[in-house]
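J.: Sharing a structure with you now.
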Amino acid sequence: MAARVAAHTSIFQQFGFHQVKQADRIADTIAETGFDALELHHAALAGDDYKNRLEHAQRNSGQALIGVSHSLPLWNQGV
């Protein structure tokens, strides 16, 4: 089974992107850089019509969606 390498969309928010309104541009950029998938930041699930916009962006870019994070400090969790 091949591993998927994903990019997290929160990095775009740090540069002023709106994760719902600019979902197409974010997904296209992630695809152009060679990532196989994307992981959404919880902020992407807010706003009007977020579901349709995100599905459209995912479908048009060919990116797989691997999940949504909720800003938990997972780096600090015991395994």
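The values are calculated or read from the model by the stated rules, or taken from the named source; none is laboratory data. It should be emphasised that the depicted structure is a prediction, and the values quoted were computed from it without experimental measurement. When we count neighbours, we look across all protein chains shown, and the Cβ atoms used for this are built from the backbone with ideal geometry, even at glycine.
J.: In the range 38-56, is there at least one residue being modelled with pLDDT of 85 or more and small (Gly, Ala, Ser)?
T.: no
J.: Take the residues in the range 11-34 that are touching a strand residue (DSSP E or B) at 6+ places or on another chain (Cβ under 8 Å) and surrounded by fewer than 17 Cβ atoms within 10 Å (Cβ to Cβ); name whichever of them is modelled with the highest pLDDT.
T.: So the residue we want is Thr33.
J.: Let me ask something additional. Please find, among Thr9, Thr29, the residue that is touching a Phe, Trp or Tyr at 6+ places or on another chain (Cβ under 9 Å) and more than 14 Å from Ala64 (Cβ to Cβ).
T.: Thr29
J.: Which of the residues that make up the range 1-21 are under 11 Å from the mean Cα position of the chain (by Cα) and without any contact (Cβ under 8 Å) to a residue 60 or more places away in the chain? Explain how you work it out, then say what you get.
T.: Restricting attention to the range 1-21, the residues satisfying the condition of being under 11 Å from the mean Cα position of the chain (by Cα) are 6-13, 19-20.
If the condition is that a residue be under 11 Å from the mean Cα position of the chain (by Cα) and without any contact (Cβ under 8 Å) to a residue 60 or more places away in the chain, then Ala7, Thr9, Ser10, Ile11, Phe12, Gln13, Gln19, Val20 are the ones that fit.
J.: Anything in the range 3-25 that is aliphatic (A, V, I, L, M), more than 15 Å from Gln58 (Cα to Cα) and not in a loop (DSSP other than H, G, I, E, B)? List them, or say none.
T.: Answer for the range 3-25, where residues must be aliphatic (A, V, I, L, M), more than 15 Å from Gln58 (Cα to Cα) and not in a loop (DSSP other than H, G, I, E, B): just Ile11.
J.: Related question: Just to be sure before I move on: is Gly62 modelled with pLDDT of 85 or more, exposed (fewer than 14 other Cβ atoms within 10 Å of the Cβ) and under 13 Å from the mean Cα position of the chain (by Cα) in the structure I sent?
T.: When the stated conditions are applied, Gly62 passes them.
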